[in-house]
Amino acid sequence: MAQMQRPAVAVHLDDLLRFASELAEREGFAPDRVRDVELAVEESLVNILTYAYPNRTGFVEVHREFDGRSLRVSVVDNGVPFDPLSVPVTGLTVDTARRGVGGLGILLVRRLADHVAYRRQEGANVLTLTFDRPPPTRTGDPVHPIRDDIMETQFQRIENTTLLAVKGRVDHKTAKAFEEVLKNTLDEASADGSPVLVLDLSGLEYMTSAGLRVLMIAAKTCTSRQQKLAVAALQPAIQEIFRISRFDLVLPVYPTVADALKALSPDAAVRWRE
Amino acid sequence: MQVRFWGTRGSLPTSTGGASIREKIRQALRQADGRRWETDEQLEAFIDDALAFPVRNGYGGDTSCVQIASRREPTLLDMGSGLRRFGQQVMETPDQDRPTTFHFFMSHLHWDHIMGFPFFPPAYLPGNTIHIYGGHPENVLREAFLRQQSTPCFPVHWDQLGASIRFTRLETDRWHRINGFAVKLLRQAHHGGSFGYRIEKDGKALVYSTDSEHKQQDDTETEATVSFYREADLVIFDAMYSLADMITVKEDWGHSSNIVGADLCLRANVKHYCMFHHEPAYDDATLYEILQETRRYAEIVGEGKSLEISTAYDDMVLRL
C-alpha cells in the first residue's frame, strides 16, 4: 500500500487529493467516478484540517490501494479521536439545527464512496473509503450508476409522540445511519418522557434485512423502556417485505399515520395535521 | 460439478407423517377431478405437470448430508442422517467390495451433522479409508465421533469400525487441494463454531454455508461472508427461520433466515441460492410457501438482478 504524508494544512490538500485520485484514474475508473473519489477524499481531509488539531499542527496521511476490484483510500491523522460515522446522517431533514458538525460532509462522503469505515488505531483516526470499480459497460449504458444509498429522516414531536418520517432506502449501505438516527430519536424521546414513537414509512422505497434488523433493535429498546413503537403507511412493496419477513407479526403496523396515532396517542391524533 | 442432497433438514430428522400424506392424497385426487389416463406415461405427466411440488413430492426429513460428484473418490459435506441412504447406495453398487477412500468435510460437530456415521456401512469394512476434514482441531473432531459411538449412546463402539479413519484440521486462511477440489473455509457464527466451505473445480464454485447466524451487526463479518460467496454458482445456505424469528425469540440460536440469505447472495452476485437446513416444525406446504415468498422478496429487493432460488429437498440433484 502506497502512502503520502503531509502537514495538516490546506496548502497540501491538492497533493493529497491527487495522490488518491491518480490511482483511480490509472485503474480505469470513469472520469466522473475519479471526481467522486477526489470529492470524498477532499471532504474527509477538510474535516481533519478543521477539527483534528485544535492547538497544534499535526500530520495527515493518505494511503491508497487497488485490489483489482476496489480502490481503498484511507485518511489518517493523530488528532483528537473522532468517528465521523458516529454523526447521525439525517439527510435533508428540515431540522437542520439537529445536524452535528461535519454531518453534511460525511453524508456526502457516504454517498460518494461504496463503503466507509472508521477505526481508532494506535492513537490515530483511520477513515477508509472504498470505491468499487464498476464492470465494463456496454456502449450506450450510463457510465456512472445512479446513487442508491440515500436515506432521509424527518422528525416531529406531537404531544407525547415522536413521529419520524423515513424516506429513501434502508439497506446495508444506510442501515448504520438509520440505526444511529433511531437510537438518538429514542434516547431523546425517552429523556423527554415521550413514550410513543411512530415511524411514517410512506416515503420508504426500499428496505432489506439489514434495515429490518435495525427496526427490531429499536423495538427491543422500546420494550425495555416501556415505550411504544409502531410503523405506519407502508408502500405496497415494503408491506410485502414485512409479511415475508414476518415483521408484521412482531411490530404493530397501521395503514396510515392517523390510524397509528389514533391507536397509540389520541391527544397526538387530534393535534396532528398531515 | 454436480451436487446431490442426501439430507436437508435442520436439527432433527423428521417424518412426513400420516396426516401430511393424507393431505397430499386429498389434494391430488381433487386436482385429478375424476380424470382417467390411458397410459402410465400420461399419469406420470399429470403428476409432474399438474400437481404442485408439496403435493407430488416433499422436502424429506433427513439431516444435513450433501454429495459433490467426483470422478475420483466420493466427496461429501456433513454426516447427518442422510448419510445412511448414501451408504446404502454405495453398498448396492456392484463393486462395493473394492477398497474406497471417502472424503467428508464437516461444517461442525453438532449431533444432527454426525448422526449418520454409525449407520454408514463402508465405515465397518476393512480396506476403506475415510478422511474427515474440518475447521475444528483434530482432537475435537475425533472426540465427537468417539463419544457418539460409545456407551451409552450406541452399541457398536468406535474401535469396532473396520475402515481406516483419519481426521484433518483445515486452516481457514488458505486454499487446500483435496481430491481434485480447491477448498477454502470460513469461520461462521454458531455455538462452538462452524465452518463454511467454498469448493471450486473446473471453473465452477459451490459454497456450503450451514449452521451460521448472520446477524449483520458486524460489517467485517458481513463483508467477509459476501466476499466468500462472491460470484459462486451455488450457495447452500442455512435459511432455517423467518427473519422475525431469527432476531427475536431465536436470536443466538445459531441460524439464519431465508431473506438474509437472499440479501447476501444478491450482494455477492451469486447465481443460485439454495435454502437448506429446514426447520423440523415446517411441513412441505410451509416450505413451499417460504420458497415463493423468498423468490418474491429477491424480486423486490434485487432490482433486476437475476438470482435463481430453490429449496433443497432430499435426493435433489443440481448441475452447476
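The values are calculated or read from the model by the stated rules, or taken from the named source; none is laboratory data. Since we're looking at a predicted model, the values are computed, not measured. Cβ: placed from backbone, ideal geometry, glycine included. Neighbour counts: every protein chain shown.
Tabulated data for the structure shown
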item	result
Inter-residue pairs, beta-carbon under 7 Å, first more than 10 Å from every other protein chain (Cβ to nearest Cβ) and in segment B:286-301, second of a type in the set (Phe, Trp, Tyr) and surrounded by 21 or more Cβ atoms within 10 Å (Cβ to Cβ), 6+ apart	B:Leu287/B:Tyr59
Subset of segment A:241-258 [farther than 14 Å from B:Ser242 by Cβ and surrounded by fewer than 17 Cβ atoms within 10 Å (Cβ to Cβ)]	A:Pro252, A:Pro255, A:Thr256, A:Ala258
Any hit, segment B:305-313, residues being out of contact with any strand residue (DSSP E or B) (no Cβ under 9 Å at 6 or more places or on another chain) and either modelled with pLDDT of 95 or more or on the phi > 0 side of the Ramachandran plot (or both)	no
Test set (1) assigned to a helix (DSSP H, G or I); (2) more than 11 Å from every other protein chain (Cβ to nearest Cβ); (3) touching a residue at least 12 places away in the same chain (Cβ under 8 Å) - B:Asp315 fails condition number	(1)
Condition check for B:Glu231: free of Cβ contacts under 8 Å to residues at least 60 places away in the same chain and farther than 24 Å from B:Gly134 by Cβ	yes
Residues that are closer than 29 Å to B:Gly261 by Cα, crowded, with 21+ Cβ neighbours inside 10 Å and not polar (S, T, N, Q), drawn from segment A:173-197	A:Lys173, A:Ala175, A:Ala177, A:Phe178, A:Val181, A:Leu182
Members of segment B:139-163 found to be within 25 Å of B:Tyr197 (Cβ to Cβ) and exposed (fewer than 14 other Cβ atoms within 10 Å of the Cβ), listed by number	B:Asn139, B:Leu146, B:Arg147
Selection from segment B:212-228 of residues that are within 9 Å of another protein chain (Cβ to nearest Cβ), touching a residue at least 40 places away in the same chain (Cβ under 8 Å) and hydroxyl-bearing (Ser, Thr, Tyr)	B:Thr222
When residues of segment B:268-283 are limited to those that are touching a helix residue (DSSP H, G or I) at 6+ places or on another chain (Cβ under 7 Å) and surrounded by fewer than 24 Cβ atoms within 10 Å (Cβ to Cβ), the one nearest to the other protein chains (Cβ to nearest Cβ)	B:Ala268
